[in-house]
Each structure stands twice: as structure tokens, then as C-alpha cells.
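For reference, the structure is listed below as C-alpha cells.
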Amino acid sequence: MADLDALLGIEEEKEEAPQPSTKPDSKSTNITIDASVLRQLAEAEAARAEQLGSSAASGEMQARMADSIERIVEQAKKLAEEKEAGDKGGDKSGGTLADQAVRQELANLYSALAGTRGVDPEDLKQIKEKVFGATSFWVTDTRPLAMQTLELGVVIRGNLRGKREEVFKEVCEKMATMFGDKYVVRLVEDPESTLEEMQAGSKAGSAAVPQPRVQFEILPAAAAQPQAVAGWQRAAAALLLLLTLGSTLQFGLAANIGLLPKETLQWLANPANLNTDLLPPGLESYDPLPFLSSTGNVFMITLLPQLMHELAHAFVAGARGIKIAPSFLIPNAQLGTFGSVTQLKSMVRSREDLFDFSAAALVAGGVTSFALFLAGLAASNGGSTPEIGLLPVPAQLFQGSLLLGGLAKLGLGSEVLSHTQVYVSPLLVGGWCGLVTTALNCLPVGNLDGGRVMMAAFGRSSLAVSSLLSYVGLGLGLLGSSLALPFGLYVLICQRTAEQYIQDEVSGISERRRSIAAALIVFAVLVLIPMAPDVADLAAVGTPSNFI
């Protein structure tokens, strides 16, 4: 009964000096259990299980726990009656069988609750005995798993007895054979391992490169998968798409405002005139068709790199069996869009798959933007004289990027960029915006595509360091200039958490992929660092006036 009292939160009364009594008090042995407390616990656990899995499974769990609760209450009442009868008859052994029955029912209830919270104890026993072994992974310790996004699982620590990839494959196959799709296996680094243990785990001949000590995580399939796409997410994605179309159209109008007559621009520059219903001067005989046509061109060209980015995500996701949610486009008035938030809705098998999923989108958007930028340089015809189809842009724009400003100087000439305005093709404007957006998303921080690439290529510890450096660069305005503050806030709010849904977090990627990851980071830095005037002048010395 002491164990039962402890479980139900009943404090043990202090012993008092025996008092003479002539009549036993039958009420002194009355035991009451509030079944509603146990029912509330069961209902809460069932509701949680329903969120993680199917409603049918949670209903079965709830019924199982309800039966256990009813039996516990009945056995507790029987125990009280037998104990009371034993006390009256002088038999101190009364209630022993009922006491054992209550203990058994409490154990059954605990098993039911444990089943809703994570790995079933009986399943865990079979996993330790039949899945792992002396020739694959020798288990030394098991403990509950508690992470920010992944929980309800079990961590299995031990010693690896074979090649990491082969052991992981063998464990996954045995788990699938024994339990089907009930559980998901993850392979991660053991955070408690020391350098000596890493070196001890290295193969002969590779001791110079310490191998990370690993551990396995066993999670219920429902807990290991991101939540399915909800209706509100689709509605939010559609709303953000409309807002992004609006911000890109607004950007197109702003990019072409220099095509309006000078008297119209001067009239619009006075805020007091904006509150009147008068027609701005200079528009009486103005033909709006070139203005609207150029606005439409900028609108479509600016959206093209983002479209290629999303198509690359969808293509790789389909090829690698990755489920994704509808992309949440992020509108921005200065670029049209900051890119998108693309959530994973299934486990990624390996770091290689995660790298390909993220890097493919960055490369697709970047190559498309770069092609538009170079075509725009060629179509700008030197940028010194106004022509039909060219847009007047401030020359100061080219000081915002070391890489793009340098290419513009090579293509247009430093003399042209010394003027107040430069006349460029809409292709160059769209390519410029696409390259800056791609560079921002290449930053190795959080859950951006650049952050996923960094983690896949160099690991979580490297991502933590690069994220800190990226935040410092954005916070000080060293990266992105005027875009640093809004983009930094966007990352902090939406993308700061690193990707969690990876089955094999330990096995690395090829050197070729790591080189691509490094190149993407260098590209991002060169695009986002502003060009200092003295650096610009030095870059232009000895270069031809027209590169294309």
C-alpha cells in the first residue's frame, strides 16, 4: 500500500503513541481513490497520442487505459474491505491478494501510458536483444530522448562493432522486419563522447581522422515525422503568394518610375500633392504603354529565379522521396521577395539527400539570376544613353555588392558608373535581385537553404559557428547593407532553428559536395559585401571599358 499511496500522492501519516481503544473504528481503514484524476491523465495522454498518430490508435489506447483505471479502483476498494475485515478479525494478512492485484493493474496502466508516450517497454526489450548485438552495436545504456522537436523516443548508447553505414542499414532492416513502420531509427553523434573515444572508434589506418562516436535514437513513427500539412498552411501559402505578387509588382512600378515625365516626378515628390484628386502634370499626352510594358517585364523577370528555385526543390524532393509543404513566399518591397520557407514533411534519409535538396534550389536560382544579369549587361549597350526598353537606375546601386558591382564595372565601364544615373535592361534588374535573394538564402544560418547545406556538409557544430558569424554580419550591416535588418529579423522569426528531421546525421557527404557548399558560402559573402569606393576604383584600373 505504501507504493500505491506514493503513486496517488497520499502522504503517510506520522505514527503516534498507541491509545487505548475499546472499539475499533471502521472508518480508520477506509481507502478512497479519485478515479477522475487517473481518467484525466489517461485522456490527456490519449489526446497527445491522437495528435501524433491516428485517431484509431489513440482510441484503442484510451480504451485500454480506461479498463485499467476501472480495475484499479475496484481492486483498491476490495483491498480496503479485506483489510478492514482482517483488522476486525485480528488477521493482519488480510488484503494481500488484493494488494498484489492493485500493483499489477498499476503496472498495466503504466505500460499503457508508456505506450502513448514513446517506445513500448516490451518492444524496447526486443530491440535490445534482437536488433542490436555483439557484432553490430553493443548496447551499454538506454535513456529517454528529449529534444526541442523530437521527443517521446529512446536513446541507445553503446559501442559500434562494424562499419557505421552497414550497421545502420542492418538496424533499419531488422526494425522494419520486426515492427514494420511503427518506429523510426536515427543515427546521431554521441554528445558525451570524448576525443579519446573517437580515436578508439577509428579503424586501423585512419586513426589520424577520429571518427565520431555514435548513438541510436528509436522514435515512434508519428513523433519522428513532421506534422502533416494543415488547411491553414495551404491558406497561408496562398495568401503569401498573393502578397509576394503584389510586392513584386510594386517593385516593378518603382523600377520604372524614372520613365515618367520629369514634371510628373517633381509633382509626385511633393507629399502635399498626393492628397489631391488632380491629374499630375505631364501625363496629358503621355503614352503609358511603354511604362506598363516595362513594368510587366520587370515583374516577370524578377519572379523567374524564384520559380526555378521552387521547381528545383520539387524535383529533388520527388527524386529522393522527400515530402514538402507548400512554400511560404516572403514578400519584400526592395527585391520583390526574400525567397521562401520550404518545410520538410518527412524524414530525410541522409545528409547527402538534405544537401542535394537545398543546394539544387540555390544553384538553380543562382544560375538563372546570373544568366539574366549577364544578358542584361549585354542588352544595356554601355548604359550611358537612354534608349527604348532601358531603365534609369541610380549608379549608387552598384556600390551595394562587391561581386555584382565589379562585374557591372567590367561590363559597363567605370566612366558610365561615375554618372548619377545608368540606363540598364530590365534583365539586369531582375538578375540583380535574383542574385541578392539567392545570396541571402545561401547564408549558413538556421534553417535557410544555406544553413541546411552547411549542416549537411560540415555538421551541426560548424552550423552553430557560421550562424553566429552570419548574425553578427547582418547585425552590423556588413552583409546585405540596407537589407540586413529586415532579413535578419525574418531569419530570427522564421528560420533560426536548424533542421532536425534527418535519419543518418553522422555519415558525411562527398568532397565534391563539400566544395560546392564552400563555393556557395563564398558567393554569398562576395555578393552581400558592399563595394568600397577605393576598392571599386582599384578594380577598374587596367580593365577595358566594355567587357561584353
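Within the set Leu412, Leu443, Leu474, Leu428, the sole residue that is within 26 Å of the chain's Cα centre (by Cα) and farther than 26 Å from Asp353 by Cβ turns out to be Leu474.
The single condition among (1) farther than 17 Å from Val393 by Cα; (2) part of a helix (DSSP H, G or I) that Gln250 does not satisfy is (1). In this structure, does Ser247 turn out to be within 30 Å of Glu387 (Cβ to Cβ), polar (S, T, N, Q) and free of Cβ contacts under 8 Å to residues at least 60 places away in the same chain? When the stated conditions are applied, Ser247 does not pass them. Selection of first residues in the stretch 476-487 that are free of Cβ contacts under 8 Å to residues at least 40 places away in the same chain and of second residues that are loosely packed, with under 14 Cβ neighbours inside 10 Å, restricted to Cβ pairs under 9 Å at least 6 apart or on distinct chains, gives the following pairs, ordered by first then second residue: Gly477/Leu485; Ala484/Gly475; Ala484/Leu476; Leu485/Gly475.
Looking only at the stretch 239-257, residues that are closer than 17 Å to Ala269 by Cα and among the hydroxyl-bearing types (Ser, Thr, Tyr) come to 0 in all. Considering only residues in the stretch 284-314 that are out of contact with any Leu (no Cβ under 8 Å at 6 or more places or on another chain) and outside any helix (DSSP H, G or I), the one that is nearest to Ala255 (Cα to Cα) turns out to be Pro288.
Per the listing Val422, Val453, the residue uniquely more than 20 Å from the chain's Cα centre (by Cα) and either surrounded by fewer than 22 Cβ atoms within 10 Å (Cβ to Cβ) or assigned by TED's automatic domain parsing to the domain that holds Gly366 (or both) is Val422. For the residues Val506, Val465, Val491, the requirement of being surrounded by fewer than 17 Cβ atoms within 10 Å (Cβ to Cβ) and either of a type in the set (Val, Ile, Thr) or at positive phi (or both) singles out Val465. When Leu187 is tested against the conditions (1) within 18 Å of Val506 (Cα to Cα); (2) part of a helix (DSSP H, G or I); (3) in contact with a strand residue (DSSP E or B) (Cβ under 6 Å, 6 or more places away or on another chain), the lone failure is (2). Just one residue in the set Gly413, Gly400, Gly366 is in contact with a Cys (Cβ under 9 Å, 6 or more places away or on another chain) and surrounded by 17 or more Cβ atoms within 10 Å (Cβ to Cβ); that residue is Gly366. Among all positions in the stretch 274-282, there is no residue which is surrounded by fewer than 19 Cβ atoms within 10 Å (Cβ to Cβ), in contact (Cβ under 8 Å) with a residue 40 or more places away in the chain, outside any helix (DSSP H, G or I) and over 21 Å from the mean Cα position of the chain (by Cα).
The values are calculated or read from the model by the stated rules, or taken from the named source; none is laboratory data. Small disclaimer: the values here were computed from a predicted structure and weren't measured. Methodologically, a virtual Cβ is constructed for each residue, glycine included, from the backbone with ideal geometry; neighbour enumeration extends over all protein chains shown.
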